[in-house]
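Data block below; observations after.
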Amino acid sequence: MPTEPAGIGAWLPALLQTADALFPTGAYAHSLGLEEMAGLGAVRNEETLGEFLTGHLLPNLRNQELPYLRFLVEAGDDLGEFCALDREIHSWKLARETREASIQIGTRRLKALRAISTAPLLLEFETAISRNEAFGHHLSACAVQAITEGIPMEGALGTYAYQTLAGACAAALKLIRIGQDGCQRA
């Protein structure tokens, strides 16, 4: 009988399921600013896509998104702290479009998670959103998932970063003349 690799737990299948582009969050419809950059001609090929990823998305991940994902996961089931962090995320997402996209993806992720899990924190956070105690940003929904499924911090952070970059590359395939190999190199 095969043995489980060291460090891999019961959380991995659920993480793979929900990190897949088929998981119904609507994230595929958002280009994270790439559509506008392509429209302006700033992103037009493999090289400029790489510049967009390293100059725009990676700094945002490193300096804002991933630290806040860590803060949220560390808040655990302290719903008051969790909601306060979700409201902070709302305040630093300056562009209305990014705030709205984050909330739309987050609430869809939360709804989809509730369809496959009965973890109480999912319902508690959804209730807090309905009472206007939180907005339900995508980072927050990912953190709730990490908490309820026991996903290690490194798994949660790595998956969020990967999903962000993969989403931009998926949008690039539709927006500029670049193949899948070019996306992988970028």
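The values are calculated or read from the model by the stated rules, or taken from the named source; none is laboratory data. In this text the structure is predicted, and so the values were computed from the model without any measurement. Every residue, glycine among them, receives a Cβ derived from its backbone with ideal geometry; neighbour counts consider all protein chains shown. The protein model used for the area step is the full one, side chains on, heavy atoms only, and it has no ligands, DNA or RNA in it. Shrake-Rupley method; radii C 1.70, N 1.55, O 1.52, S 1.80 Å.
Dipole orientation for the chain: of the candidates A186, I151, L66, A186 has the Cα lying most toward the positive pole (charges on Cβ; Lys, Arg +1; Asp, Glu -1). With Cα atoms defining each centre, segment 36-85 and segment 134-171 are spaced 11 Å apart in the structure. Here the Gaussian network model covers the chain, with springs between Cα atoms less than 10 Å apart; of K93, K174, K111, K174 fluctuates the most. Projected label points at A42 and R62, each 7 Å from Cα along the beta carbon direction, are separated by 1.8 nanometres. Once the Cβ-Cβ distance of D78 and L12 is raised to the sixth power relative to R0 = 35 Å, the FRET efficiency obtained is 0.85. Please say if the chain is rounded, prolate or oblate, where rounded means a/c under 1.5 for a ≥ b ≥ c the square roots of the C-alpha gyration tensor eigenvalues, and otherwise the choice is prolate for a/b larger than b/c and oblate otherwise? Judged from the Cα gyration tensor, the chain comes out oblate (a/c at least 1.5, b/c at or above a/b). Compute the acute angle (0 to 90°) between the alpha-carbon long axis of helix 79-92 and the principal axis of greatest extent of the alpha-carbon atoms of the chain; round to the nearest 10°. The angle comes out near 20 degrees. Measure nothing fancy, just the Cα-based angle from helix 153-175's long axis to the longest principal axis of the chain, in degrees from 0 to 90, nearest 10. On a 0 to 90 degree scale, this one is about 40. Of the solvent-accessible surface of segment 62-157, computed with a 1.4 Å probe and all protein chains present, 52% belongs to carbon and sulfur. Only DSSP H runs of four or more residues enter the estimate; each adds -39500 (n - 2.57), and after division by the residues of the chain the mean residue ellipticity at 222 nm equals -20000 deg cm²/dmol.
Accessible area per residue for segment 27-186 is 52 Å², calculated with a 1.4 Å probe on protein heavy atoms, without ligands, DNA or RNA. Go through the chain and flag any cysteine with no other cysteine's C-beta closer than 4.7 Å, please. Isolated Cys, the chain: C83, C142. Working note: Karplus 6.51/-1.76/1.60 with θ = phi - 60° gives segment 130-143 the couplings 5, 8, 6, 8, 8, 9, x, 5, 4, 4, 5, 5, 5, 5 Hz, where Gly and Pro are set to x. The modelled label-to-label distance between L123 and Q184, using points 7 Å beyond Cα along the C-beta direction, is 4.5 nm. Of the residues H138, H90, H56, the one that moves most in a GNM of the chain with alpha-carbon contacts below 10 Å is H56.
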